[in-house]
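Encoded as structure tokens, the structure appears first; notes follow it.
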Amino acid sequence: GSGGAATSATSGGASGTSGTGTALAANVAAPAVRDASSGSALSTTATTMVPLSTIARFAESSAATSINHQDGELATTIAFNLAEGYSLSDAAEQIKAAEADIAMPNNVRGSFQGSAKAAQDSNKSLPLLILAAIVVIYIVLGILYESLVHPVTVLTTLPSAGVGAVLALLIFRMEFSTISLIGIFLLIGIVKKNAILIIDFALEAERSRGLSPMEAVREACLLRFRPILMTTLAAALGALPLAIGFGEGSELRQPLGVAIIGGLIASQCLTLLTTPVVYILMDKLRRRGPSEHQLSRIHSDESPITP
């Protein structure tokens, strides 16, 4: 009945639970010899004793020690470790393939948790974060250079750094993890300084001494090569301890150092080749297009305007 109580009258002890609705749950602590006719009874509202065997039966079965839930649904956790030579992304792809081969019912679904879920979330937000960083860099450089086209020249150094970082990770058989992603963002802020040193000197030479774009960028490459090389070496040597790996947990930091060093090497090798070419092409594009409204720098020899 509704709201009744089930009581075990066995010698092994008694325990009761209350139920609601039409279903009644009974938890019986039976003795060593489990016999349905040993005197177990159910008390009804009419104070009459009804044998429990009339509404239930005894059976032995194995049950889980605990039942886990996630988002209100039954859930079970399957843990795995990565074999040598396999990355987290490789393992995730193989697990998805195995899930498709099993052909689980529609009411059963699987999802990743922990490091695998964090890696998936970071990969989804990666394009948006990189785009936001590029837009901010373009706006800042456009204000500093007083130009709309020359910031593009600086941004052209970023692909070479990204390719270098990915190639370095592939060569050393390292996973493109969240730590590697941090290295890519650090490279966005580091490698563009090569093009900034060249373009800033070239623009100053054009505006102050009247040099042609080709002469200005050539002189900038010759005079700025040493500062570019020194800053690149300093950044690479600073990341070298991370790439080598010292101490406990160094395997988590190694992808960061490898990505930074690989991106710096690729950027150093390609910047002095691609930046002058892109600079001249951007200058030709600016001259062929409609006149660009720029803020002119005030030279020291110009007379001030008086009312």
Those residues of the range 63-121 which are closer than 28 Å to Glu175 by Cβ and among the acidic types (Asp, Glu) amount to Glu84, Asp90, Glu93, Glu99, Asp101, Asp121
Condition set of a type in the set (S, T, N, Q) and surrounded by 13 or more Cβ atoms within 10 Å (Cβ to Cβ), scope the range 111-150, selection farthest from the chain's Cα centre (by Cα): answer is Ser147
In the range 129-177, anything β-branched (Val, Ile, Thr) and closer than 30 Å to Ile244 by Cβ is listed as Ile130, Thr157, Val163, Val166, Ile171
Note on the range 215-233: residues within 37 Å of the chain's Cα centre (by Cα) and over 13 Å from Ala195 (Cα atoms) are Arg226, Met230, Leu233
Residue pairs qualifying under the 8 Å Cβ cut-off, at least six apart or on distinct chains, with the first in the range 97-122 being touching a residue at least 12 places away in the same chain (Cβ under 8 Å) and the second being among the small types (Gly, Ala, Ser), are Phe112/Ala92; Ala116/Ala91; Ala116/Ala92; Ala119/Ser89; Ala119/Ala92; Ala119/Ser177; Gln120/Ala92
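Yes or no, residue by residue, for (1) more than 20 Å from Leu144 (Cα to Cα); (2) of a type outside the set (S, T, N, Q); (3) modelled with pLDDT of 90 or more:
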| residue | (1), (2), (3) |
| --- | --- |
| Val191 | no, yes, no |
| Asn194 | no, no, no |
| Arg209 | no, yes, no |
| Ala216 | no, yes, yes |
| Leu222 | yes, yes, yes |
| Thr232 | yes, no, yes |
| Phe246 | yes, yes, no |
| Val277 | yes, yes, yes |
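The values are calculated or read from the model by the stated rules, or taken from the named source; none is laboratory data. Computed from a predicted model, the values in this text were never measured in an experiment. Don't worry about glycine lacking a Cβ; one is built from the backbone with ideal geometry, like all the others, and counts go over all protein chains shown.
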